[in-house]
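One structure is given below, encoded as structure tokens.
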Amino acid sequence: MRNSVLSIAIAAITLSYSCAQDSENKVNTPNNTPYTAELMIDELQTPWGMVFLAENELLITEKSGEIIHFKNGKKTAIKNVPEVYIRGQGGLLDIELHPDYKNTGWIYLSYASEEGDEKGGHTALIRCKLNNNSLTNKELLYKASPNTTKGQHFGSRIEFDNDGYLYLSIGERGARDVNPQDITRDGGKIYRFHDDGQIPTDNPFTGKEGAKTAIYSYGHRNPQGLAKHPETGEIWENEHGPRGGDEINIIKAGANYGWPLVTYGINYSGTSITDKTEMEGMTQPIHYWVPSIAPSGMAFVTTDKYKDWKGSILVGSLKFQYMERLLMDGTKVIGREKLLTDLGRVRDIKEGPDGLIYVAVEGKGIYKLIPKA
């Protein structure tokens, strides 16, 4: 009887959260879209991240450990890619260019790595250069520890801010009760570095005994989206909740985003994690999803090429296999729109140098959204 009452209570809480979100931000699926989706790069399995070297020239990471160089309509596999730990959600993850790539040549990669004394793996960050379709000058900038054989929550995205600081997201590696709230441990954090991997002396936990001083914010679950706001320069993040409770956060120095002490989600089994959705000293998300959409990839729209899209946020849904457009009023989500429905698991989204939107879809490839006349 007690279990039945608990289940009913949890269901009621979940429904109330869902209704609250849906009444505020009802999801709309438009009948007439302002684009056609053209498959530009085919036969990709899990295209995790992508960057433009030039218009119509990209580097694409495959979770399996391969980097694809796409140029002049042809795909070439990059050589000398770092050895990747493949397990569960772990593999070759994000890719980003130095803000002054034309002069520095630095490329940044995050991936699951076995480096370390313990069995298993954890998220690592390197920088390298590209020469004759081979990675050179590889430098390990950060390696989270300790390794674990768990296959969950490696993160991971890379982003630069307007001041040239590099941000890296790492998930809590399936250790929710240990890692995300402990600043002496890796996992469940956003990290901030100089472009060479040095840790800024003004990071928020510098001088704290035992702290991992690369940490910039904590209390995260599995952050798989990072994007710089085109006007404010702030770093925005999306992360997976459990069953419900995916979030969008604006990342602040030293802020605690609450996981798992506060959440809008429940366990996958339907049991409660906590009855708290907010707590003093913990930063609330600017938006949350109930039910969970499993967000991955995130991009601000700055182009005028799509009617009424400028200023929106695009987020990929792994769970429901669509791209979501969030209509924004400052930091408030005022509407939601489903796009590319049933196309596949949307893993990454980028606005290209040509002002067009490019979408990485698992099992398919990279789609280019062509605006309708």
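For Leu93, which sequence-distant residues (separation of 5 or more, or a different chain) have an amide H within less than 5 Å of its own amide H, given hydrogens modelled in the peptide plane?
The answer is Ser110, Tyr111, Ala112.
If the chain between Asp196 and Glu115 were fully stretched, how many nm would it gain, using 0.36 nm times the residue separation less the Cα-Cα distance?
Contour length minus Cα-Cα distance gives 27.2 nm.
For the stretch 218-299, which chymotrypsin sites (Phe, Trp or Tyr not before Pro) are both in a DSSP coil and crowded by at most 16 other Cβ atoms within 10 Å?
Here the sparse-neighbourhood loop sites are Tyr268.
How far apart, in nanometres, would the label points at Lys276 and Asn32 be if each is projected 7 angstrom from Cα along the Cα-to-Cβ direction?
According to this spin-label approximation, the distance is 5.1 nm.
Show me, for the stretch 344-350, the HN-Hα J-couplings you get by feeding each phi into the Karplus relation (A = 6.51, B = -1.76, C = 1.60, θ = phi - 60°), rounded to Hz, glycine and proline as x.
Each residue's phi maps through the Karplus curve to give x, 6, 7, 9, 8, 9, 9 Hz.
Taking the stretch 217-254, which GluC sites (Glu not before Pro) meet the DSSP loop condition and have no more than 16 other C-beta atoms within 10 Å?
Filter output for the stretch 217-254: Glu231, Glu234.
Please list, ordered by chain and number, the residues whose modelled amide H lies under 5 Å from the amide H of Asp348; skip anything fewer than 5 residues away on the same chain.
Ala360
Using θ = phi - 60° and the Karplus form 6.51 cos²θ - 1.76 cosθ + 1.60, what ³J(HN,Hα) does each residue of the stretch 108-121 get, whole Hz, x for Gly and Pro?
Running phi through 6.51 cos²θ - 1.76 cosθ + 1.60 with θ = phi - 60° gives 10, 10, 10, 6, 7, 10, 8, 4, x, 7, 7, 6, x, x Hz.
Could you derive backbone 3J(HN,Hα) for the stretch 307-313 from the dihedral phi with the Karplus parameters 6.51, -1.76 and 1.60 (θ = phi - 60°), listing whole Hz in sequence and x where the residue is Gly or Pro?
4, 6, 8, 4, x, 7, 10
I'd like to know which of Ile107, Pro371, Val178 lies farthest towards the positive end of the charge dipole of the chain, counting +1 on Cβ of Lys and Arg and -1 on Cβ of Asp and Glu.
The one lying farthest along the dipole's positive direction is Pro371.
Once the convex hull of the C-alpha atoms of the stretch 2-371 is built, how many Å³ does it hold per residue, rounded to a whole number?
Residue-normalised Cα hull volume stands at 142 Å³.
Can you tell me, using C-alpha contacts under 8 Å and at least 6 residues apart, the relative contact order of the chain as a whole percent?
Across the chain, relative contact order equals 16 percent.
Nearest 500 deg cm²/dmol is fine: what mean residue ellipticity at 222 nm does the chain get from its DSSP H runs of n ≥ 4 alone, each adding -39,500 (n - 2.57), divided by its residue count?
The helix contribution divided over the chain gives -2500 deg cm²/dmol.
Give me the extension gain from Leu343 to Asp329: residue separation times 0.36 nm, minus the current Cα-Cα distance, reported in nm with one decimal.
Extra length available between Leu343 and Asp329 comes to 2.2 nm.
Could you list which residues have their amide H under 5 Å from that of Trp48, counting only those 5 or more apart in sequence or on another chain, with H placed in the peptide plane?
Thr61, Glu62, Lys63
Full extension from Thr303 to Ala211: what is 0.36 nm times the residue separation minus their Cα-Cα distance, to one decimal in nm?
Roughly 29.0 nm would be gained on extension.
Coordinate-derived values only; no laboratory data. Bear in mind that the values here come from a model prediction, so they are computed numbers and not experimental data. Cβ sites come from the backbone with ideal geometry, for glycine too, and all protein chains shown count toward neighbours.
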